[in-house]
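Sending over a structure as structure tokens; questions will come in a sec.
Every number in this text was worked out from the coordinates using simple rules, so none of it is lab data. Please read these numbers as outputs of a predicted model, since none were measured by experiment. Positions of Cβ are backbone-derived with ideal geometry, glycine not excepted, and every protein chain shown enters the neighbour counts.
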Amino acid sequence: MLEIKNLHVKLEEEDKVILKGVNLTIEPGTVHAIMGPNGSGKSTLSYVLAGRDGYEVTDGSASLEGEDLLTMEPEERAAAGLFLAFQYPVEIPGVGNMTFLRTALNAQRKARGEAELSAGDFLKLARSTAASLKIDADMMKRPVNVGFSGGEKKRNEIMQMALLQPKMCVLDETDSGLDVDAMKLVSEGVNALRDAGRSFLVITHYQRLLDHIKPDVVHIMADGRIIQTGGPELALEVENNGYADLLAGGK
Ligand code: ADP
Ligand code: MG
Ligand code: MG
């Protein structure tokens, strides 16, 4: 599904190298987790995959189902099936949440040569999706994320994901700022989307999210590289011992 080879990334504006040779292969239908200390490059990896400005790829490659992601515009990546749920979802004053979601969904359908959803069909789909994520109708009418609590913003990210039905979902610290109940809701939303043709990359600081979203593979990232890969037990090891032992072993 996703293949990243020897990816090197630096900041465009500064001579700061952030990713120093990331290798990652994600098979269809699998859930991979990336854990790692603050500043190790986890968010940068997700931004580079999504095509955010400000980063320069100096070496390596990233492809989605064999298609080169790095030469695509961000909206082409989305149309190809990539989705990024942000660590810090942005507020968009003046744009209603429903309008935003419908525009995003119809843009994706158009890019794929599919017919746009009618207002009525979209409303039905949005309402049932919102209800399943326990998002109330009021929140749907407000401007995107404006005045939403941390938990509401994260649930709104999952709402976008549920509507767009991407193939490769990247979740960057979707658990940060969530209380236990909100984390369960978000996890249930993710688990409901798990299927044989869809993969997930779950970036998280804490093992507790992985109690709810069970990963197939766990990677540890440090200083711009993946230094260890294992099964779910690797996340438990981090929970119990911190990163110190792994960092010492990985150098
Ligand atoms: P993580 O998500 O693992 O905490 P990040 O990818 O956010 O790590 O950051 C990796 C490193 O790159 C950090 O040292 C961070 O300060 C730096 N960095 C990332 N983006 C920028 C930027 N736009 N400007 C300056 N420094 C940045
Ligand atoms: Mg961070
Ligand atoms: Mg981050």
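Pairs K20/K184; K16/K214; K16/K134; K42/K134; K5/K141: which are spaced more than 31 Å apart, C-alpha to C-alpha? Walk me through the numbers before you get to the answer.
Details: K20/K184 34 Å; K16/K214 34 Å; K16/K134 42 Å; K42/K134 29 Å; K5/K141 42 Å.
Pairs exceeding 31 Å: K20/K184; K16/K214; K16/K134; K5/K141.
Count neighbours as other Cβ atoms within 10 Å of each site's Cβ, and list the GluC sites (Glu not before Pro) in the range 35-70 that are DSSP loop with at most 16 such neighbours.
On the way: sites: E56, E65, E67; in loops: E65.
Those that pass, being in a loop and sparsely packed, are E65.
Right, something else. Would you kindly work out the equivalent ellipsoid of the range 75-133 from its C-alpha gyration tensor and give its semi-axes, the square roots of five times the eigenvalues, largest first in whole Å? Each step should come with its number before you reach the end.
On the way: eigenvalues 66, 62, 28 Å².
Equivalent ellipsoid semi-axes, largest first: 18, 18, 12 Å.
Expressed as cubic angstrom per residue, what is the convex hull volume of the alpha carbon set of the chain? Don't jump to the answer; show the numbers that get you there.
Working: hull volume 31.5 nm³, N = 251.
Enclosed volume per residue, from the Cα hull, is 125 Å³.
Once fully extended, how much extra length lies between E116 and E12, figured as 0.36 nm per residue of separation less the alpha-carbon to alpha-carbon distance? Show your work: numbers first, answer last.
On the way: separation 104, 0.36 × 104 = 37.44 nm, distance 3.73 nm.
Here the answer is 33.7 nm.
What does the net charge come to around I26 if you take all other residues with beta carbon closer than 12 Å to its beta carbon, with K and R at +1 and D and E at -1? Let's see the in-between values first.
On the way: positive: K167, R198; negative: E3, E27, E65, D216.
Once all neighbours under 12 Å are counted, the net charge is -2.
Additional query: K10: which aspartates and glutamates have alpha carbons under 15 Å from its alpha carbon, excluding same-chain residues fewer than 8 sequence positions away?
In chain and number order, the partners are D53, E56, D59, D223.
Can you check what the net charge comes to around A235, using other residues whose Cβ is under 12 Å from the Cβ of A235 (Lys, Arg +1; Asp, Glu -1)?
Details: positive: R208, K214; negative: D211, D216, E233, E237, E239.
Summing Lys and Arg as +1 and Asp and Glu as -1 gives -3.
Most exposed first by the Cβ proxy, i.e. fewest other Cβ within 10 Å, how do V217, V95 rank?
Details: V217 19, V95 14.
Least crowded to most crowded, the residues run V95, V217.
Another one. Multiply the residue separation of D179 and D53 by 0.36 nm, subtract the distance between their alpha-carbon atoms, and state the gained length in nm to one decimal.
42.2 nm
Further question on the same structure: If the cut-off is 15 Å between C-alpha atoms, which aspartates and glutamates fall inside it for K153, apart from same-chain ones fewer than 8 positions away?
E91, D136, D138, D172, E173, D175, D179, D181
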